[in-house]
Amino acid sequence: NRAVAKTLTGGDMFYYNLQDSIKTVEMNKKMFPELTDNDYIIYATRNFEAAYEIEVATNTRIFFDLVGFNVQTGEKITNNGYLKITNSDDSSSTLKTSVSIINKNNLEIDNISITQTTDDSAIVNESKLKLTDSLVQGKNGYGVSNTGNGTIELDEETIIKATNNYGIYNGAQNFRLTNGTVYGIYNSGTMVIDETANLTYQTLKTKNKRQ
């Protein structure tokens with residue numbers, strides 16, 4: 001079976017394209033609004049490469065569980081709704097990207113390593129980003145580029161860094177970093193850094209303050 005993903009609600013359904021599984025879940029959740037977040041979770045079924053764009057529509061909630069598998073993407077991932085990428089398995093999972101993950105609404109990453117292989121930032125966040133027990137690593141771009149009205153929530157186990165750049169670029173106003181480990185911030189907006197956050201080094205401008 002060369003399927004890359006499956007859903008379990010209403011019986012096992014296998015998909016050979018991750019975007020097809022997302023569209024199916026979006027359609028079914030619109031047709032059956034009584035479905036809960038535990039219905040139509042998308043599970044990876046093997047290591048695979050997605051050499052196509054992936055998009056989550058507005059007003060849709062998508063849950064993708066890597067269950068210990070690794071995924072490589074060749075085009076951008078755009079989230080316009082709610083997208084949670086998680087790993088429920090005891091072994092590690094890596095999402096290796098060559099084009100940025102673009103978040104325009106609500107993105108959660110849990111127990112995943114995201115590694116960028118090009119000059120793009122690993123994640124471009126324009127809205128709400130939550131990272132738990134995860135690693136986000138850029139290469140020549142930033143780990144996270146935070147713009148617009150972007151907010152980032154980290155837990156103490158999360159690390160954001162880049163091989164040849166700052167972990168975070170912040171161009172947003174009133175950005176607050178309260179937790180996690182960040183290897184460098186380049187800031188052109190305004191931000192507050194709490195003492196609970198761990199910064200290895202930082203580039204700060206006059207509008208910034210640390211509490």
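Points worth noting:
- Candidates Met13, Met31, Met191: whichever shows maximal mean-square fluctuation once the chain is modelled as a Gaussian network with Cα springs under 10 Å: Met31
- Averaged over its residues, the range 1-98 has an accessible area of 51 Å² per residue, based on protein heavy atoms and a 1.4 Å probe.
- For the range 1-56, a crude dipole built from +1 on the beta carbon of Lys and Arg and -1 on the beta carbon of Asp and Glu, taken about the Cα centre, is about 180 debye to the nearest 20.
- Accessible surface of Asp12, taken over heavy atoms with a 1.4 Å probe and every protein chain present, rounds to 100 Å².
- Computed about the Cα centre, the dipole magnitude for the chain is approximately 660 debye when only Lys and Arg (+1) and Asp and Glu (-1) carry charge, each at its Cβ.
- When exposed loop sites are taken as GluC sites (Glu not before Pro) in a DSSP loop with at most 16 other Cβ atoms within 10 Å, the longest stretch of the chain clear of them is 76-155.
- Near Gly141: Cβ cut-off under 10 Å, other residues only, Lys/Arg at +1 and Asp/Glu at -1. The net charge is -1.
- Relative contact order computed over the chain (Cα-Cα under 8 Å; 6+ residues apart), in percent: 10 percent
- Springs between Cα atoms under 10 Å define the GNM used for the chain, and in it the highest mean-square fluctuation of Phe32, Phe48, Phe69 occurs at Phe32.
- Averaging Cα coordinates gives a centre for the range 31-81 and one for the range 130-185; these two points are 22 Å apart.
- Solvent accessible area, Å² - Ile112, 1.4 Å probe, full protein context: 0 Å²
- Flagged links, alpha-carbon separation over 29 Å, of Lys30/Lys96; Lys29/Lys139; Lys23/Lys161; Lys30/Lys76: Lys30/Lys96; Lys29/Lys139; Lys23/Lys161
- The heavy atoms of Tyr43 offer some 50 square angstrom of accessible surface to a 1.4 angstrom probe.
- For the pair Asp89 and Glu153 in one chain, pulling the backbone fully straight at 0.36 nm per residue adds 20.8 nm over the alpha carbon distance.
- ³J(HN,Hα) computed for each position of the range 122-137 - Karplus, 6.51 cos²θ - 1.76 cosθ + 1.60, integer Hz, glycine/proline x: 5, 10, 10, 10, 10, 9, 10, 10, 10, 10, 10, 6, 10, 10, 10, 10
- From the largest down, the range 60-112 spans 30, 23, 12 angstrom on the principal axes of its Cα atoms.
The values are calculated or read from the model by the stated rules, or taken from the named source; none is laboratory data. These numbers were taken from a predicted model, which means no experiment stands behind them. Glycine gets a Cβ as well: all are built from the backbone with ideal geometry, and neighbour counts include every protein chain shown. Each accessible area value is taken on the protein alone, full model and side chains, heavy atoms only, with ligands, DNA and RNA left out. Shrake-Rupley method; radii C 1.70, N 1.55, O 1.52, S 1.80 Å.
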